[in-house]
Amino acid sequence: MSELEDQIDTIDKSGIFRTLTLFKEHHLLHQIDDGCEGVRYELCHAHGDVDDDRHVHFHCEVCHRTFCLEELPIPSVTYPDGYQVESVNYMAKGICPDCAKKQK
């Protein structure tokens, strides 16, 4: 949300938040948690009420960008009896290829 605030100076913070909430309710975007800066939003490629475009995300600890690795599906995990999983966030952290090149 802070990235949008920096780029859109014609809409106030509450307007951006209401719009993101509305888009989320209509399955136009979903939230991802990069474990660092709070919540990020990503466009949904799914159609309908089920978000079936889940994939791995990568957060670079150098440049602080978060990447969608759409070609990598979230691995299947079997949970013990009694656990009801509502959502899964698969976030890998490390150094992206651009930052790795700069460090050499």
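Bear in mind these aren't lab numbers, they're just calculated from the coordinates by the rules spelled out. Predicted, not measured: the structure shown is a model, and the values here were computed from it. Note that each Cβ is placed from the backbone with ideal geometry, even for glycine, and that neighbours are counted across all protein chains shown.
Key figures
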quantity: Members of segment 49-104 that are touching a residue at least 40 places away in the same chain (Cβ under 8 Å), assigned to a loop (DSSP other than H, G, I, E, B) and over 24 Å from His26 (Cα atoms); calculated: Val62
quantity: Subset tally (residues that are surrounded by 11 or more Cβ atoms within 10 Å (Cβ to Cβ), more than 15 Å from the chain's Cα centre (by Cα) and not hydrophobic (A, V, I, L, M, F, W, C)) for segment 68-100; calculated: 2
